[in-house]
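Written out below as structure tokens is the structure these notes cover.
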Amino acid sequence: MSDVTVKKEGMDLAEVESRIKALCQQFPHGITDAVIQNDMPHLDPQQRALAINKLLSLGQLDLLRNSSGLLYRMKDGQGASKMKGSDNQEKLVYQVIEDAGNKGIWSRDIRFKSNLPLTEVNKILKNLESKKLIKAVKSVAASKKKVYMLYNIQPDRSVTGGAWYSDQDFESEFVEVLNQQCFKFLQSKAEAAKDSKQSPMIQRNSSLATSHEVWKYICELGISKVDLSMDDIETILNTLIYDGKVELTVIAAKEGTVGSVDGQMKLYRGVNAVLLPTGMVRTPCGLCPVFDDCQEGGEISPSNCIYMTEWLDF
């Protein structure tokens, strides 16, 4: 043990730097001073500080803050070249935004994580935007707020709203067209099965379609300007289920079967309503979740109900 101690005490600056970089590679999310101390317990604190400062000045390490203190993390070569010439505060804000990934981060959270004044954060954000290192994206969750992410990152669908939104506006007409076409496909499949004059069970099975079949049909129609995923189509099919136009059946399926997930496959079938809903159910009041709280003169009342106004405007 004495030989190892002598060796660690005699480490030169280059060896310390190399060891710190190795630790950063071992722990990609970052290391603290405590991790370095545990790995090199006999290293002089001043020598450790010199090695860290040199790596920071060379742009090989990122300096971050979290609830437990300072974090050091290895910086990739591409990120280092982008931030060349930037001060430590800019690098810190850039790193916080990079960590947020494709979901972005509010300026308030950037301020909290970087521990910088709001005026300084705003100044840095404008500077990084002008350099095309980051971009501001409006979120459908809060139209008046923006989230920041790296310039070349495609925003997550939770930020943009996915295929159903365009410039934060809900594409209701597009959704309605998809709704109609999905139902048309299932209805035509059901009618073809009925015309086959086979046994009821065979007719029923023939009328079923997977979400992959519906997705393929919609893609071949070419009615969408954006790429629709299977999840998008299943969202549309779910609205048809809620409307009572489609029923869902889940069956077991072999792994790897097209359209199967976790050993299960969803099958959809167009149906006709057995009974028409009563007049009361068709009114907004029949489906209103706050019906019991509705009263004249109250915050929710028939006179200011926007749903009733829209329903009567036919």
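The helix-based estimate of mean residue ellipticity at 222 nm for the chain, built from -39,500 (n - 2.57) per DSSP H run of four or more residues and divided by its residue count, is -14500 deg cm²/dmol to the nearest 500. Residues 39, 169, 292, 62, ordered by accessible area of protein heavy atoms at a 1.4 angstrom probe radius and largest first, appear as 292, 169, 39, 62. Based on C-alpha pairs under 8 angstrom that are at least 6 apart in sequence, the chain has a relative contact order of 9 percent. For the chain, the per residue solvent-accessible surface stands at 65 Å², with DNA, RNA and ligands left out and a 1.4 Å probe. Rolling a 1.4 angstrom probe over the stretch 179-223 with all protein chains present gives an accessible area of which 53% lies on carbon and sulfur atoms.
Placing unit charges on the Cβ atoms of the charged side chains and taking the dipole of the chain about its Cα centre, the candidate lying farthest along the positive direction among 60, 207, 24 is 60. With helices defined as uninterrupted DSSP H runs, which ones in the chain have an alpha carbon span along their own long axis of at least 30 Å and mean Kyte-Doolittle hydropathy of at least 1.0? TM-like helix candidates: nothing returned.
Given the alternatives (1) 25.5; (2) 22.1; (3) 19.0, Kirkwood radius over Cα pairs in Å as computed for this entry is given by (1). For a test of understanding, tell me how many lysine pairs in the stretch 165-258 have Cα atoms under 23 Å apart, given they are 8 or more places apart or on different chains. Pairs that pass both the separation and distance tests number 14.
When GluC sites (Glu not before Pro) are flagged only if DSSP places them in a loop and at most 10 other Cβ atoms lie within 10 Å, the longest unflagged stretch of the chain comes out as 1-254. Kirkwood hydrodynamic radius, the stretch 101-218, all distinct C-alpha pairs: what's the number in Å? Every distinct Cα pair counted, the radius reaches 18.1 Å.
The Cα atoms of the stretch 146-208 define a convex hull whose projected area, averaged across directions, is 6.5 nm². Per-residue Karplus couplings for the stretch 34-40, computed as 6.51 cos²θ - 1.76 cosθ + 1.60 with θ equal to phi - 60°, are listed in order as 5, 5, 5, 5, 5, 6, 10 Hz, Gly and Pro entered as x. Partner lysines whose Cα lies under 23 Å from the Cα of residue 91, excluding those fewer than 8 positions away in the same chain, are identified as 21, 54, 75, 82, 103, 113, 123, 126, 131, 132, 135, 146.
The values are calculated or read from the model by the stated rules, or taken from the named source; none is laboratory data. Source: prediction; values computed, not measured. Note that each Cβ is placed from the backbone with ideal geometry, even for glycine, and that neighbours are counted across all protein chains shown. Accessible surface is based on the protein model in full, side chains and every heavy atom, while ligands, DNA and RNA are left aside. Shrake-Rupley method; radii C 1.70, N 1.55, O 1.52, S 1.80 Å.
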